[in-house]
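Everything on this sheet refers to the single structure shown next.
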Amino acid sequence: MVTTDNIIQRCQDLFEDLSFTHARKWKDAEAERKVIAFMPIYVPREIIHAANMLPLGVLGGGDQLEVIQGDAYYQSYICRIPRSTIELILTKRLDFIDGMLFPSICDVIRNLSGMLQMIRPEIYAHYYDMPQNYDENIGGEFYVNELQELRKALEKVGDHEITDDAIRNSIAVYNENRRLIAKLYAMRVEQPWNIPATEAYLLMRASMLMPVEEHSQILIDYLAAAEKNDRPRRDNCRIVVSGMFCEQPPLALIKSLEMSGCYVVDDDFMLINRWPTVDVQVEGDPIYNLSDSFLKHSPKTSATYEPIEAEKGLYLVDAVRKSSAEGVIFAAPSFCDPALLERPMLQDALNAAKIPYTAFKYAENSGQMQPIREQAGTFADSIKLWGEQA
Amino acid sequence: MNTAVASKKTDPRDAIKDNSMLLQKEMIANNFKKLANVKESDSKVVYTFVPGNINELLMCFNLVGNYPEINSLQSGMRKKTGPYIMEAERNGHSEDVCTYVKSDIGMMRKGNIAPTGDPLPEPDVLLLSYTGCFTFLKWFELLRHEYNC
């Protein structure tokens, strides 16, 4: 019988495997298969999938990778994810990839694309530039060209055409996956005690490491198994976590939040899994449809520009309202420009909406969880024992 | 073997400066003067950044530019940034992000006095042009947030 425990154990095994064995096996199964790695926060996986390639999410090395060579590439005031990514490359853990995409999330990730070009000049490295202008005639035109450029580059890598029909098929497959993920998140809002944050997190991480069809089946199995679970409901504080969209927290940190008395009811762990926020139109020009959904239905994040000041930070207030959360925990990686520069504006939006919050920083290899547990626990207590609802 | 070490103290002002250095100094000083006298000259003020700016166009509209990163640099050279950075951090800015941003935000919150000691005029226009540095994008949002516009 498939249980949530079986599924989560499998996801955890994948998560801990820094040799990416599952992706390697997928590639080895057929001679023409290719693997295209990508970094947070978003790339159009549909085009990679349509090229019969595996989009492989590389989210750093976590807390199990000893970074030695990677540190030599960066100054002390740079976050850890590029260091551990360089380490993964230099230690040949990523020697099987055929290309890598670096989305325009911040200066560090952008420049990492140049590092890969120097270290592995024989593979395809692409700085994937997403528009900050969401006007169809400006950012839209730019983005259609960017998508076409990616398509042509992947055709060259794979040495075959990527047809419109293939992209349409991939859009449909990813639409289904996003719907299942939306269902999982909705179920967690309803019953956070039955969908622990660590389990939701590992399910999301699994999507980075396997074909989307396989991941969708895992979600179907997990949702069915989770409905049968009857875990104890505790009087925990419902919180939204914000700031974890690029360099990922150690799993122990997420576990610590739960142990401190918090139910995580929304997060920004892997935004790509919920991007765009609605189905992409399948019929019609698939490149235009991908661009259009990006312009109109992208989730708002710290890495994107908000053109209207009055709306700044409201996405977080909305996330709190929609998930019936009682507070926000800002948890951002040290030296993360997007998350940390955004935070004062988000805090002001929360202050205006009278939503309590607390903040701390981490690195993907943070080891001491006791201070975080104490801070999150005190925050939860302040709401549950002394807040307005207490 | 003995090594002779020059012990004579030199005055930094005696160092030879290139003409371009002198011109740059003069241009920056003139710009601060323009900003201080903006009411008298009936000009408008634009806050924008140095890289990727469109100064030629702005000058056609009689807009005087105020450049946040120059303010931070000039404040830094005059050893004024410490209290500014602390002011920004008191208001929620993290200790490990760009101190140019925090120096600028802190300076605004502490009265917006230019590094030269003159009060800086409020902006009539905030302008973000593509700069190639992600921090500028957030810096602009933070300026807009401060002025609520």
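Being closer than 30 Å to A:G70 by Cβ, of a type in the set (V, I, T) and in contact with a helix residue (DSSP H, G or I) (Cβ under 6 Å, 6 or more places away or on another chain) holds for only one residue in A:V173, A:V108, A:V144, and it is A:V108.
Any residue at all in the stretch A:328-349 that is of a type in the set (D, E), on the phi < 0 side of the Ramachandran plot and in contact with an Asp or Glu (Cβ under 6 Å, 6 or more places away or on another chain)? No; the residues of the stretch A:328-349 include none that is of a type in the set (D, E), on the phi < 0 side of the Ramachandran plot and in contact with an Asp or Glu (Cβ under 6 Å, 6 or more places away or on another chain).
A:T378 passes every criterion in (1) more than 14 Å from every other protein chain (Cβ to nearest Cβ); (2) in contact with a Cys (Cβ under 9 Å, 6 or more places away or on another chain) apart from (2). Filtering the stretch B:42-56 to residues that are of a type outside the set (D, E, K, R) and surrounded by fewer than 11 Cβ atoms within 10 Å (Cβ to Cβ) leaves nothing. Total residues in the stretch A:301-315 satisfying the condition of being outside any helix (DSSP H, G or I), surrounded by fewer than 18 Cβ atoms within 10 Å (Cβ to Cβ), of a type outside the set (A, V, I, L, M) and more than 9 Å from chain B (Cβ to nearest Cβ): the figure is 1. In the set (1) closer than 15 Å to A:H215 by Cα; (2) loosely packed, with under 15 Cβ neighbours inside 10 Å, the condition left unmet by A:L180 is number (2).
Scanning the stretch B:95-113 for residues that are among the charged types (D, E, K, R) and within 16 Å of the chain's Cα centre (by Cα) turns up B:K102, B:D104, B:R109, B:K110.
For the stretch A:316-325, a residue qualifies if it is in contact with a helix residue (DSSP H, G or I) (Cβ under 9 Å, 6 or more places away or on another chain) and either farther than 21 Å from B:E146 by Cβ or surrounded by fewer than 20 Cβ atoms within 10 Å (Cβ to Cβ) (or both), and the qualifying residues are A:V317, A:V320, A:K322, A:S323, A:S324, A:A325.
Summed over the stretch A:297-324, residues that are more than 18 Å from the chain's Cα centre (by Cα) and in contact (Cβ under 8 Å) with a residue 24 or more places away in the chain total 10. Only residues that are touching a Lys or Arg at 6+ places or on another chain (Cβ under 8 Å) and of a type in the set (A, V, I, L, M, F, W, C) were counted in the stretch B:108-149, giving 3. On the given criteria, is A:M115 more than 14 Å from every other protein chain (Cβ to nearest Cβ) and in a strand (DSSP E or B)? Taking the combined requirement at face value, the residue does not satisfy it. Considering the stretch B:131-146, the residues that are facing another protein chain (nearest Cβ under 7 Å) and farther than 15 Å from A:A349 by Cα include one that is surrounded by the most Cβ atoms within 10 Å (Cβ to Cβ), namely B:K138. A count restricted to the stretch A:130-145 and to residues that are of a type in the set (A, V, I, L, M) and not in a helix (DSSP H, G or I) stands at 1. Filtering the stretch B:103-128 to residues that are over 18 Å from B:N31 (Cβ atoms) and either at the interface with chain A (Cβ under 10 Å from one of its Cβ atoms) or surrounded by fewer than 20 Cβ atoms within 10 Å (Cβ to Cβ) (or both) leaves B:I105, B:R109, B:K110, B:G111, B:L128.
Among the residues making up the stretch A:267-300, those that are crowded, with 21+ Cβ neighbours inside 10 Å and charged (D, E, K, R) are A:D267, A:D268.
For the stretch A:328-356, the set of residues classified as in contact with a helix residue (DSSP H, G or I) (Cβ under 8 Å, 6 or more places away or on another chain) and under 18 Å from A:F269 (Cβ atoms) consists of A:V328, A:I329, A:F330, A:A331, A:A332, A:P333, A:P338, A:E342, A:L346, listed by residue number. When the stretch A:347-377 is filtered for residues that are surrounded by 13 or more Cβ atoms within 10 Å (Cβ to Cβ) and either hydroxyl-bearing (S, T, Y) or part of a loop (DSSP other than H, G, I, E, B) (or both), the ones remaining, listed by number, are A:A353, A:I355, A:P356, A:Y357, A:T358, A:Y362, A:A363, A:E364, A:N365, A:S366, A:M369.
Values quoted throughout were computed directly from the atomic coordinates according to the rules given, and no laboratory measurement underlies them. Just so it is clear, the model here is predicted, and its values are computed rather than measured. FYI the Cβ positions are ideal-geometry reconstructions off the backbone, even for glycines, and counts take in every protein chain you see.
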